[in-house]
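For reference, the structure discussed in these notes is given below.
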Amino acid sequence: GKVQYQQTVTGSVLPGTTTVYKEAENGDNVVLTLDFNLQETVESVMKKTMEDNNAQKAWCCVMEVETGEILAWASYPTFDQNHPTEIPSYTDNVSEMSFEPGSVMKSITYATAIDTGVFPENTTFRAGEFNYKYDAATGKIVRTISEVDGYPTIRDALGHDYGTITFETGLAYSSNVGICELLANYVNYNDFESYLKAFGFFQATDIPYVNESVGWESLDSVIDYLSTGFGQASSVTVLQLMQAYSAIFNDGNMVRPYVVKQIEDGDTNEVLKSYGTEITGTPISKETADKMKDLLKNVLSEGASGERFAIDGVDMMAKTGTGEYYDEETGAYSTSIYSSSIMAAAPYDDPEIMVYWGMLGPNYVNYSASYFQTIMQAALI
């Protein structure tokens, strides 16, 4: 509508000065997929995540595996709706934040190797550190005994040396060296690039009514190619990860996330437009998805990288991630701020719910698993 009036310097409307030029009309109603109770739980958990860990950012997305319906969506820091002019950040971390997610991306590398038929089952490699060079004559990445100028050593996180292990164990332990071995000696460069795109990375998911960033692909140099395999160098979004992992959890069928269920007429409640499940591709076969589910279940086993995230009585699969944070202000990776996250789905035999929880901050080693566990348990009720 349109109204014109005069007011005093204190804001009081002067009597007799109001003219209505156009009567107000109700807008349309937007019906969301969000579950009210679950959203409340997620909001309280994310608030605690920020406070307990002195985090700069935090996010969580809960989605139905088969449908793509988003049941909860949270981005922190957020704002008090009673004071909407005091907004600390205008970036929605779920859809608009491009970041290097760390080891959560390793599942995509493993899925590529399995789906292209080159995964070295029950084969061992030497973990710890990966020294290498590029042989221009053969077009191959060659592992070397010591560091070669121009090719920095890649190490497993926190200086761990797992010795000689299988590639299956490599994912459970989240070995960066295992990823390097796969990309150097088994996975074809062009195949890897094609699978990243087939999984929907570096492009919009086209989720209705939501602004998105698309991240960026960085595969041109040897170090960036290897690093992308374990979640560095190239950047992605939370929504892209949700969509990509849906293929692993959903028998190879990748579904588009959506948060708007329908638009209704504001006066009559007539449904003007509705939204539902859309399969956006089948980047991997069901057989590959089944193999990945087995590998991701082992991530939660005793001694593995995700052991502390396991929930008694919940048969689950997951992949954790710790990522270096590129500080645009300094033009370098931070030495104190990292991303920490976990992608998980349950139940294992027929996944219904997937949860991606994460934060950016200084506490990337000893943070509590309870934040994620509380959300997953609430989502499964």
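Odds and ends about this structure:
- Of the residues Phe201, Gly178, Gly266, the one whose Cα sits farthest towards the positive end of the charge dipole of region 174-289 is Gly178 (charges of +1 on Lys and Arg Cβ, -1 on Asp and Glu Cβ, taken about the Cα centre).
- For the chain, relative contact order (Cα pairs under 8 Å, six or more residues apart, normalised by length) works out to 21 percent.
- R0 of 30 Å, Cβ-Cβ distance Glu86-Glu328: FRET efficiency to nearest 0.05: 0.80
- Per residue accessible area of the chain, 1.4 Å probe, in Å²: 47 Å²
- Surface/4 of the Cα convex hull for the chain, nm²: 23.6 nm²
- Protein-only accessible surface order, largest first, of Leu182, Leu34 at 1.4 Å: Leu34, Leu182
- Efficiency of FRET from Cβ geometry, Asn269 and Val142, R₀ 56 Å, rounded to 0.05: 0.25
- The stretch between Lys133 and Leu380, if pulled fully straight at 0.36 nm per residue, gains 84.2 nm over its current Cα-Cα span.
- Contact order normalised by residue count of region 100-202, Cα under 8 Å, 6+ apart, percent: 35 percent
- Spatial offset of region 283-361 relative to region 100-171 amounts to 19 Å, using the alpha carbon center of each.
- Taken along its three principal axes, the alpha carbon spread of region 1-154 comes to 88, 39, 37 Å, from the longest extent down to the shortest.
- Of Lys297/Lys319; Lys291/Lys319; Lys57/Lys297; Lys197/Lys297, pairs whose Cα-Cα distance is over 20 Å: Lys57/Lys297; Lys197/Lys297
- Gain in span if fully extended, Ser221 to Asp290, counting 0.36 nm per residue against the direct Cα distance: 21.6 nm
- Solvent-accessible area assigned to carbon and sulfur over the chain amounts to 45 percent, based on a 1.4 Å probe.
- Ranking Thr112, Thr277 by solvent-accessible area of protein heavy atoms (1.4 Å probe, all protein chains present), from largest to smallest, gives Thr277, Thr112.
- Sequence-separation-based contact order of region 183-337, relative, with Cα cut under 8 Å and 6+ spacing, percent: 16 percent
- Ellipticity estimate at 222 nm from DSSP helix runs (n ≥ 4, -39,500 (n - 2.57)) divided over the chain, nearest 500: -8000 deg cm²/dmol
- For Thr67, the accessible surface of its heavy atoms amounts to roughly 40 Å² (probe 1.4 Å, protein chains only, rounded to the nearest 10).
- About its Cα centre, the dipole of the chain is roughly 500 debye, where the only charges are +1 on Lys and Arg Cβ and -1 on Asp and Glu Cβ.
- Those lysines that a straight Cα-Cα span of less than 26 Å connects to Lys273, excepting residues fewer than 8 apart in one chain: Lys261
- Virtual spin-label span in nm between Val20 and Asp349, 7 Å along Cα→Cβ: 6.3 nm
The values are calculated or read from the model by the stated rules, or taken from the named source; none is laboratory data. Computed from a predicted structure; not experimentally measured. Neighbour counts are summed over all protein chains in view; Cβ atoms, including those assigned to glycine, are modelled from backbone coordinates with ideal geometry. We work out accessible area using only protein heavy atoms, side chains counted, and drop any ligands, DNA or RNA first. Shrake-Rupley method; radii C 1.70, N 1.55, O 1.52, S 1.80 Å.
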